[in-house]
Every structure is written in C-alpha cells, then in structure tokens.
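Colleague: Structure below; questions to follow.
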Amino acid sequence: MARAAVLGRLTWQLGEVAELIQETPRVSSLVIDLPDWPGHLAGQHVDVRLTAEDGYQAQRSYSIASAPEAPRVTLTVERLEDGEVSPYLVGEVRVGDKVELRGPIGGYFVWRAGDARPLLLVAGGSGIVPLMAMIRHHAAAGSAAPVRLLYSSRSIEDVIYKDELAQLVAGDKRVAVAHTLTRMQPSGWDGYGRRIDGEMVGEVAWPKKDGPAVFVCGPTAFVETASGLLVESGYDPAWIRTERFGATGG
Amino acid sequence: MGFVSRGFRGKRRDGADSSRVPPGQHVVNDFPVLSAGPTPRVPLSEWTLSIVGEVDEPKRWTWDEFRRLPSESFTVDIHCVTKWSKLDTTWTGVSLATILEQVETAADFAVAYCDGGYTTNLPVDDLTGQQAWIAFEYDGQPLDPEHGGPARLLVPHLYLWKSAKWVRGISLQAEDEPGFWETNGYHNHGDPWREQRYWGD
C-alpha cells in the first residue's frame, strides 16, 4: 500500500470531500474519499484542478498531509488572499463537494518508515504539511527512528496540527517537537521566540555524527536559511532534502 | 459536459496574453525558487564548465575563459512544472550553440550535471539552434545562488527543471539517460505546450 505509485500514467480522478477541518484561521484540511487512490509515500503531493462552468481551469499542487496508512487522503491548504485555487479550497468547498486531482507526485522528498536514521524535520509555516505526513507515517508504522521537529510559525494561532503534535510527543518518547514563534508569543511561552538561527539549530538538530535524514519545507527564504545553517553546522548536503514554495502557490 | 467545480469562477488570465501561457499554467510576477537540496556555493576561482562524453576531445573552461566566450542577452518566457509561468524574463548567457561548436560530436543526447549532484537529460536537438544557454545574469545582475548562480542552463521551451541550476558540465551521449526528476516521476522531455509534466503525459 505504501509503495511508490508514480509508475505509469497519472490520471485525473474525482474525490469527494468527506470532512473539513479548520486547522488555523487561514488553514484547512480537506479529507477526501478517492475510490481509485493508488497509495502514496509520505512527502508526496497532488495536483488539484478546478473547472469553472465555462470550462476555464486552474491547477495547483498541494502536499498530502495524511500517512500512507490512512484510509483517506488529507490535503492541508493555506488560504492565500490573492490566490486563485486556495480561496476556493479554504472557504468555498463544502463536505460532499467533488474535487478533481491526480497524484501522487514526487519521488524524492519522501520518507519511508524503513529508514532507521534519526529524522530531522524543519518546517516553516505550512511547510509542516508534507512533514506531518512523515510524522503520521512514523507513528502508524511504529518506526523506531527518533524524530526531532523544529517548527517555525508566526504566532501560536498559526501553529497547524498543534494538538496532534502535542499528543504525539506525549505518547511517544522517540518524537520531540521544538516550536518557535517569530512574531508573537503568548505569555508564559517556553518555546523559542525568534527566527531560526544557528544557536537554535545547534540545540535542536541531531549531532552530525548521527548522520540524520533531513527534510526542510517552507517558504524559500526559510528553506535557504535553514538548509544553509545545517550545512554550516557540518551536515553533508546529501542528507538534506528540501521543498520550497513562494508566495504564489495560489 | 465534463466535471465542474461547484462555485468556482477563477481569476482568469491575470491580464496576461493567454497565447503565451501553456495549459495548466498561471502567470506570476515574483520568481519562485524550487530545488531539491541546499543551495551549493562554489567560489568562481574553483568553478569550471566542461563538455565531456562522446566528443573528440573534452573541453573545459574556467570562469574567466567562459566569460570571454561570446554572450548575448535575451528575453524569454519560463514555465515551471509546479504551474507558474513568468513572462518576459531577461537573461545574459552563452548559447549552447556557441559552446557545442567547440567540440566534434555525433551524440544525440545530453545530460547536464551540476554542483549538488543534480542532473537532467535533453536531446541535443533541444540545445542547438539558439534556444538554450548557459546563463549567468538575470535582469542585468549576476545570477543569485538560489536561482542557480553563478551559472545555470536555460532551456525556456521546456519546463524549468530542464534548466539545471548550478550547471558544471554537459555530458554528450549516444544513449538517452534520464536525470534526477526524470527518474522521480517527471516526464522525460517536458514540453509545457504539450503539458508533459509526469510519466505518461
């Protein structure tokens, strides 16, 4: 089930929105029933295609948030106010609507539970989404690999999957999460309160002797900074896989 | 009539000339960055560009030698497989026609290889004829590392993953050899006008 399904033609298929979860004020998860889903790997994405009544179409890519083991595919989408597709997926779509998509796509930014190396995940904003698929896969597969997540958000209200992450950390000693809130911190906040820097990376990242697998996802500037800091700290660039998005995901 | 997304109207063409926007693409005004790993940084004093493989004699240029090759500025539209297109981008570079003139080869295929280990494959026919360049300036400025500087391949008539960032050489080959994304689910040729995004498209 969790095998790569990129072989062969990727055909468009219709899924039905089974559930909508408001994750933050600007971010929602769409839980989608897909009768012909071929399975996916943690970290892959799909293309979503919207069609207007006059035939006009718009396509965008969205990361899959659900584990390969989950019965349904979940997409978590951040609403970009000047976007075209995301304001439809976060705001217009209702349970029972059909959504056209194809996938899974991408065979590189993926993590498999068979990988025993310590895992370092570094997320900026909605860059958490494909990394959450990895964390959920880790839990579902009972992986013994230790996981550290460094997750940068603007404020506590912007932290996606906050409660689920807290539960995973409470229930599994192999999983540790370090939050940093870059713009606003609630009173009594005991996490980081600044943009990612070398000191933070030094405290959270695995020592280089551990030879970790590293996945970094977020806006371009965040990914450039985070991956640059990791390389400066002595990480082999070949350990680090990145996924970036600009402000134009739409 | 086919499927309609209930309640979707769309923002339409963003004012752009739709004849210049391939199917499934939308126009952006910024310049998104996509790469699979950390941005490599190689000092120009250590940078070289090589032509290797099925050639009578391999060629190698230092940065200074490369910059003495005839270069040109050109304005092209670029199309990324992640759906964005950017119109009227201006670059300066050395055409692959100029570079390939300097070797004797009967090879039909090329693999571009890069700092950081990235590779991508192209037919030689897609590199010749003033449609492919090794670009070193964008918008009149030295190319930023995150956009592939000091120099990247630029093949604007194909999806942008073919325009390998941080290019360090071209291997000319008798046989086609799929590169990094081409072995990870992406189309072997990547023509945006035929929407050749993924395997089987």
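Colleague: Against the condition within 16 Å of residue B:52 (Cβ to Cβ), touching a residue at least 12 places away in the same chain (Cβ under 8 Å) and touching a Cys at 6+ places or on another chain (Cβ under 9 Å), how does residue B:168 come out, does it pass? Before the answer, list the steps.
Modeller: On the way: within 16 Å of residue B:52 (Cβ to Cβ): yes; touching a residue at least 12 places away in the same chain (Cβ under 8 Å): yes; touching a Cys at 6+ places or on another chain (Cβ under 9 Å): yes.
The answer is yes for residue B:168.
Colleague: Name the single residue, out of those in the stretch B:154-168 being aliphatic (A, V, I, L, M) and assigned to a loop (DSSP other than H, G, I, E, B), that is nearest to the other protein chains (Cβ to nearest Cβ). Quick ask: steps written out before the conclusion?
Modeller: Residues of the stretch B:154-168 that are aliphatic (A, V, I, L, M), as a first pass: B:154-155, B:158, B:160, B:164, B:167.
Among the residues that remain, those that are also assigned to a loop (DSSP other than H, G, I, E, B) are: B:155, B:158, B:164.
Numbers: B:155: 21, B:158: 18, B:164: 15 Å.
Taking the candidates together, the pick is B:164.
Colleague: OK, next. Hand me the list of strands (runs of 3 or more DSSP E) wholly inside the stretch A:89-174 holding 3 or more residues that are without any contact (Cβ under 8 Å) to a residue 60 or more places away in the chain.
Modeller: A:147-153
Colleague: Can you pull out every residue in the stretch A:35-65 that is aliphatic (A, V, I, L, M), at the interface with chain B (Cβ under 8 Å from one of its Cβ atoms) and part of a strand (DSSP E or B)?
Modeller: Filtering the stretch A:35-65 down to residues aliphatic (A, V, I, L, M) leaves A:41-42, A:46, A:48, A:50, A:52, A:58, A:64-65.
Going one step further and asking which of them are at the interface with chain B (Cβ under 8 Å from one of its Cβ atoms), we end up with A:50, A:52, A:58.
Those that are aliphatic (A, V, I, L, M), at the interface with chain B (Cβ under 8 Å from one of its Cβ atoms) and part of a strand (DSSP E or B): A:50, A:58.
Colleague: For the stretch A:45-67, which residues satisfy the criterion of being touching a Gly at 6+ places or on another chain (Cβ under 6 Å) and of a type outside the set (Gly, Ala, Ser)? Spell out the reasoning first.
Modeller: Step one: filter the stretch A:45-67 for residues touching a Gly at 6+ places or on another chain (Cβ under 6 Å), giving A:45-46, A:52, A:56, A:58-60.
A:45, A:46, A:56, A:59, A:60 - these are the residues of the stretch A:45-67 that are touching a Gly at 6+ places or on another chain (Cβ under 6 Å) and of a type outside the set (Gly, Ala, Ser).
Colleague: Within the stretch B:20-55, how many residues are more than 14 Å from chain A (Cβ to nearest Cβ) and under 20 Å from residue B:197 (Cβ atoms)?
Modeller: Restricting attention to the stretch B:20-55, the residues satisfying the condition of being more than 14 Å from chain A (Cβ to nearest Cβ) are B:20, B:43-55.
Applying the additional criterion that residues be under 20 Å from residue B:197 (Cβ atoms) yields B:20.
The number of residues fulfilling the criteria is 1.
Residue-by-condition table, conditions (1) in contact with a Ser or Thr (Cβ under 7 Å, 6 or more places away or on another chain); (2) assigned by TED's automatic domain parsing to the domain that holds residue A:218; (3) crowded, with 23+ Cβ neighbours inside 10 Å; (4) over 28 Å from residue A:139 (Cα atoms):
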{"position": "A:53", "(1), (2), (3), (4)": "no, no, no, yes"}
{"position": "A:58", "(1), (2), (3), (4)": "no, no, yes, yes"}
{"position": "A:61", "(1), (2), (3), (4)": "yes, no, no, no"}
{"position": "A:68", "(1), (2), (3), (4)": "no, no, yes, no"}
{"position": "A:77", "(1), (2), (3), (4)": "yes, no, yes, no"}
{"position": "A:84", "(1), (2), (3), (4)": "no, no, no, yes"}
{"position": "A:97", "(1), (2), (3), (4)": "no, no, no, yes"}
{"position": "A:111", "(1), (2), (3), (4)": "no, no, yes, no"}
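Colleague: Restricting the stretch B:31-56 to residues that are surrounded by fewer than 17 Cβ atoms within 10 Å (Cβ to Cβ) and among the polar types (S, T, N, Q), which is farthest from the chain's Cα centre (by Cα)?
Modeller: B:45
Colleague: Name every residue in the stretch A:189-221 that is within 11 Å of another protein chain (Cβ to nearest Cβ), part of a helix (DSSP H, G or I) and surrounded by 15 or more Cβ atoms within 10 Å (Cβ to Cβ), in order of residue number. If you could, list the steps in order and put the result at the bottom.
Modeller: Start the filter on the stretch A:189-221 by keeping residues that are within 11 Å of another protein chain (Cβ to nearest Cβ), which leaves A:214-216, A:219-221.
Narrowing the set further to residues that are part of a helix (DSSP H, G or I) leaves A:220-221.
Hit for the stretch A:189-221 is A:220, nothing else.
Colleague: If you don't mind, another one. Scan the stretch B:95-116 and tell me whether some residue there is touching a helix residue (DSSP H, G or I) at 6+ places or on another chain (Cβ under 6 Å), of a type outside the set (A, V, I, L, M) and not in a strand (DSSP E or B).
Modeller: Taking every residue of the stretch B:95-116 in turn, at least one turns out to be touching a helix residue (DSSP H, G or I) at 6+ places or on another chain (Cβ under 6 Å), of a type outside the set (A, V, I, L, M) and not in a strand (DSSP E or B).
So that you can scan it fast, the table gives a plain yes or no per residue for (1) of a type in the set (Gly, Ala, Ser); (2) within 20 Å of residue A:62 (Cβ to Cβ):
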residue: A:103; (1), (2): yes, yes
residue: A:106; (1), (2): yes, yes
residue: A:115; (1), (2): no, no
residue: A:125; (1), (2): yes, yes
residue: A:130; (1), (2): no, yes
residue: A:135; (1), (2): no, yes
residue: A:139; (1), (2): yes, no
residue: A:148; (1), (2): no, no
residue: A:155; (1), (2): yes, no
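Colleague: Still on this structure, please answer the following. Filtering the stretch B:88-116 down to residues that are under 25 Å from residue B:27 (Cβ atoms) and under 15 Å from the mean Cα position of the chain (by Cα), which residue is surrounded by the fewest Cβ atoms within 10 Å (Cβ to Cβ)? Write out each step before concluding.
Modeller: Step one: of the stretch B:88-116, the residues under 25 Å from residue B:27 (Cβ atoms) are B:88-93.
Then keep just the ones that are under 15 Å from the mean Cα position of the chain (by Cα); that gives B:89-93.
On the way: B:89: 17, B:90: 12, B:91: 22, B:92: 18, B:93: 23.
Among those that are under 25 Å from residue B:27 (Cβ atoms) and under 15 Å from the mean Cα position of the chain (by Cα), it is B:90.
Colleague: Filter the stretch B:169-199 down to the residues that are hydroxyl-bearing (Ser, Thr, Tyr) and assigned to a loop (DSSP other than H, G, I, E, B) and list them by number. So that I can check it myself, show each step before the final result.
Modeller: Here is the first cut: in the stretch B:169-199, the residues hydroxyl-bearing (Ser, Thr, Tyr) are B:171, B:183, B:186, B:198.
The answer is B:183, and nothing else.
Colleague: Which of the following residues is assigned to a strand (DSSP E or B), more than 9 Å from every other protein chain (Cβ to nearest Cβ), closer than 20 Å to residue B:138 by Cα and out of contact with any helix residue (DSSP H, G or I) (no Cβ under 9 Å at 6 or more places or on another chain): B:85, B:73?
Modeller: Numbers: B:85 fails: out of contact with any helix residue (DSSP H, G or I) (no Cβ under 9 Å at 6 or more places or on another chain).
The match here is B:73.
The values are calculated or read from the model by the stated rules, or taken from the named source; none is laboratory data. What you are looking at is a predicted structure, and each value in this text was computed from that prediction instead of being measured. Glycine gets a Cβ as well: all are built from the backbone with ideal geometry, and neighbour counts include every protein chain shown.
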